[in-house]
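This report refers to the structure that appears directly beneath it.
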Amino acid sequence: MDVNIGVLALQGNVSEHIDAFRRALHMMGRGTSSEVFEVRHPGDLNKCDALAIPGGESTTISRLIEKNHLHEPLCTFSGGIFATCAGMVLMATYVDDVRIRTLGLIDMVVDRNAFGRQKESFEADIPIEGLEGGPFHAIFIRAPVAKWVGAGITVLSRMNQGVVAVEYGKHMALSFHPELSCDTRLHERFLKKLCDNNST
Ligand code: GLN
């Protein structure tokens, strides 16, 4: 299956996700048959099998989603969503900040800045459920956590502050930044699950 991957390009780590997905596709031998491109408007979503919602500033991304009339189209998007950091905040059903209108695509309650401010950013090798090849070197920048997750959501990794990685159907949400490390295992896992789902 060819996969067309959009990266929501309103604010944040857009080019990093484009590069990471291109590297992941190359590792999976799909580099020539698949495309990765920027998404800014509702019509762009029609071309996507998957969408990345990058890290950045969730209040800003939420405002720009409204401005570009993307809220409803994102809520009804039928593909898989790979959401990191601010993206994870947007995927939730509830977040502790009234300025953000979440998409409600993963039933979880998120604490936006659970590890503190920018200067409290850190890196850690964390275990990810079912990920082959050992722990994942995760980069946390003003990272959120899920304080509660609903039934049917698979917790992939948890730290003292809360849940930092989940899978739900075709979606994956991570509170850290896999697009900033050269390890593409999580991007590949997301794509593999999407392709397996679509071929059954
Ligand atoms: N916690 C930040 C926010 O809610 C996200 C930080 C990030 O994406 N690096 O906007």
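Worth pointing out:
- Test result for R63, in contact (Cβ under 8 Å) with a residue 60 or more places away in the chain, among the basic types (K, R) and not in a loop (DSSP other than H, G, I, E, B): no
- Hits in segment 89-101 (condition: within 11 Å of the ligand (Cβ to nearest atom) and out of contact with any Gly (no Cβ under 8 Å at 6 or more places or on another chain)): V89, L90, V95, D96, D97, R99, I100
- Residues located in segment 108-117, provided they are outside any loop (DSSP other than H, G, I, E, B) and either over 19 Å from L51 (Cβ atoms) or in contact with a Phe, Trp or Tyr (Cβ under 6 Å, 6 or more places away or on another chain) (or both): V109, D111
- Flag if A143 is in contact with a Cys (Cβ under 8 Å, 6 or more places away or on another chain), near the ligand (Cβ under 9 Å from one of its atoms) and part of a loop (DSSP other than H, G, I, E, B): yes
- When segment 121-158 is filtered for residues that are farther than 15 Å from H177 by Cα, surrounded by 12 or more Cβ atoms within 10 Å (Cβ to Cβ) and out of contact with any strand residue (DSSP E or B) (no Cβ under 7 Å at 6 or more places or on another chain), only L131 remains.
- All positions within segment 108-120 that are surrounded by 14 or more Cβ atoms within 10 Å (Cβ to Cβ) and either under 13 Å from the mean Cα position of the chain (by Cα) or more than 10 Å from the ligand (Cβ to nearest atom) (or both): M108, V109
- Of the residues L51, L105, the single one that is away from the ligand (no atom under 14 Å from the Cβ), within 14 Å of the chain's Cα centre (by Cα), part of a strand (DSSP E or B) and modelled with pLDDT of 95 or more is L51.
- Out of L174, L191, L131, sole residue that is in contact (Cβ under 8 Å) with a residue 40 or more places away in the chain and within 16 Å of the ligand (Cβ to nearest atom): L174
- Leading residue by the ranking (farthest from C85 (Cα to Cα)) among those in segment 24-44 that are modelled with pLDDT of 95 or more and among the charged types (D, E, K, R): D44
- Those residues of segment 170-200 which are part of a loop (DSSP other than H, G, I, E, B) and either at pLDDT below 95 or hydrophobic (A, V, I, L, M, F, W, C) (or both), in sequence order: F176, S181, C182, T200
- Restricting segment 9-23 to residues that are at pLDDT 95 or above and over 15 Å from H187 (Cβ atoms) leaves a set whose member that is surrounded by the most Cβ atoms within 10 Å (Cβ to Cβ) is L10.
- The lone criterion from (1) out of contact with any helix residue (DSSP H, G or I) (no Cβ under 8 Å at 6 or more places or on another chain); (2) surrounded by 19 or more Cβ atoms within 10 Å (Cβ to Cβ) left unmet by L174 is number (1).
- When segment 65-88 is limited to residues that are more than 10 Å from the ligand (Cβ to nearest atom) and more than 22 Å from D49 (Cβ to Cβ), the one that is farthest from the chain's Cα centre (by Cα) turns out to be K67.
- Residue in segment 37-48 that is buried (at least 24 other Cβ atoms within 10 Å of the Cβ), within 21 Å of E167 (Cβ to Cβ) and more than 14 Å from the ligand (Cβ to nearest atom) present: no
The values are calculated or read from the model by the stated rules, or taken from the named source; none is laboratory data. All values reported here derive from a predicted model rather than from experimental measurement. Please note: Cβ atoms are built from the backbone with ideal geometry, for glycine as well, and neighbour counts cover all protein chains shown.
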